[in-house]
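To start, the structure under review is shown below, and the notes come after it.
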Amino acid sequence: MVGGGPAGLTFARVLHRHGHPVTVLERDAAPDARPPGGTLDLREGQGQRALERAGLLAEFQALSRPEGQAMRILDTDGTVLRDWRPAPDERANPEIDRGQLRDLLLGPLDVQWGRGVAKVVPGGPDGVRVHFEDGRQETYDLVVGADGARSRVRPAVSPVTPHYTGVTTVETSLDGVDTRHPGLARLIGDGSVAVYGVNRALVAQRNSGGHVKVYAQYRAPLDRRPAPERDPDPADAEADAEAVRSALLALFDGWAAPVLDLLRHGSAFVRRPLYALPVAHTWTHVPGVTLLGDAAHLMPPLGAGANLAMLDGAELAESLATGPDDPDGTVRAFEERMWARAARWAEITTAGLERLVSPDPAAALALFEQVQQVQQG
């Protein structure tokens, strides 16, 4: 298994539950080598199902935050347009911090930290050869690539690379929001608050421990360098936090002061252009190699990616552990199921991103109305 994210760790944990040892190769030097990211909502039929197959659902329920399902949408002038709150017994999409989920999945697994993979070469007489960044090589019967958007395993089965979606996110964060910024804590509530304008959006999402992630999104060409006074681009000042903050405040100029305070009080800023693989990304089956999660079906980050990644990992692991003694046939059948499921969600999330960061802010509100109707119906 290449990659220690949600897909790889779920795959390894389900195999471990069935008594099959698996080695996870992870480029990071340690579990805490870099920030784990924000919070995830794990859905009943996807991420939660995967955790159930790993025997971890009860532990997840103890850690998760059902109140995090709350969602508030504001107009750019600060007017509350919608304020959805979960019922006391609602467990469809509870939130969990990515770091907590990672630690839950790690458990007893054998993870080889600091083992960056450079490339994978299938078809050798001894199996699939893995070339590591330190120059070493090893062979395996089956290599599962769950190594994300910039997968080093993907070229072994597909020449396709991710494309820019047209939307860039700049991420910042607030710590101790309840004590240091009580006004913003009330604005955000127990879950998330989102504000949508013309070709831009601002989303704040509560994590555990008073930590809040803030995501400023805007639609622009990847290589654009506009005149600052006309349409400032935070990418032009990426290395300087204060310059990025000023550029963002100019980009969202005219929005309500409490909304802009999410940017004024943010700490470090990280620019993340959003990339995706083609909606129907498939490949000709290659014996001994397959992909899971973002490596297989990178899509806009609208809540489906991690859930599908975990379901991929759990489903393939369970099929290999309990199915007939035909690993290659099992992998081939799994790929067909994964492709169909991923294509459906890639189409949904691609259309969703077009509506959430669009010339018509009303399209975003309409999308959330549809989601709420589905969840309540």
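The values are calculated or read from the model by the stated rules, or taken from the named source; none is laboratory data. This structure is a prediction, so every number in the text was calculated from the model and none was measured. In this analysis, Cβ positions are derived from the backbone assuming ideal geometry, glycine residues included, and neighbour counts consider all displayed protein chains. Heavy atoms of the whole protein, side chains included, go into the accessibility calculation; ligands, DNA and RNA do not. Shrake-Rupley method; radii C 1.70, N 1.55, O 1.52, S 1.80 Å.
General observations
- Subset of the range 133-145 [surrounded by 13 or more Cβ atoms within 10 Å (Cβ to Cβ) and more than 13 Å from A118 (Cα to Cα)]: T139, Y140, L142, V143, V144
- Total residues in the range 193-206, condition in contact with a strand residue (DSSP E or B) (Cβ under 7 Å, 6 or more places away or on another chain) and either of a type in the set (K, R) or open to solvent by less than 10 Å² (accessible area, probe 1.4 Å) (or both): 8
Yes/no per residue for (1) at pLDDT below 95; (2) closer than 23 Å to T76 by Cβ; (3) open to solvent by 10 Å² or more (accessible area, probe 1.4 Å); (4) touching a Cys at 6+ places or on another chain (Cβ under 8 Å):
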residue: L222; (1), (2), (3), (4): yes, no, yes, no
residue: P232; (1), (2), (3), (4): yes, yes, yes, no
residue: D240; (1), (2), (3), (4): yes, no, yes, no
residue: R245; (1), (2), (3), (4): yes, yes, yes, no
residue: S267; (1), (2), (3), (4): yes, no, yes, no
residue: Y275; (1), (2), (3), (4): no, no, yes, no
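- For the range 148-180, the candidate set comprises residues that are assigned to a loop (DSSP other than H, G, I, E, B) and open to solvent by 30 Å² or more (accessible area, probe 1.4 Å); within that set, the residue that is farthest from G8 (Cα to Cα) is D175.
- Once the range 318-341 is narrowed to residues that are out of contact with any Lys or Arg (no Cβ under 7 Å at 6 or more places or on another chain) and in contact (Cβ under 8 Å) with a residue 60 or more places away in the chain, the residue that is surrounded by the fewest Cβ atoms within 10 Å (Cβ to Cβ) is T322.
- Any chance L367 is of a type outside the set (S, T, Y), touching a residue at least 24 places away in the same chain (Cβ under 8 Å) and open to solvent by 10 Å² or more (accessible area, probe 1.4 Å): no
- The set of residues in the range 274-315 being within 25 Å of Q217 (Cβ to Cβ), outside any helix (DSSP H, G or I) and within 15 Å of the chain's Cα centre (by Cα) consists of L274, Y275, A276, L277, L298, M299, P300, P301, L302, G303, A304.
- Number of residues in the range 348-359 that are in contact (Cβ under 8 Å) with a residue 40 or more places away in the chain and either open to solvent by 40 Å² or more (accessible area, probe 1.4 Å) or not in a helix (DSSP H, G or I) (or both) equals 5.
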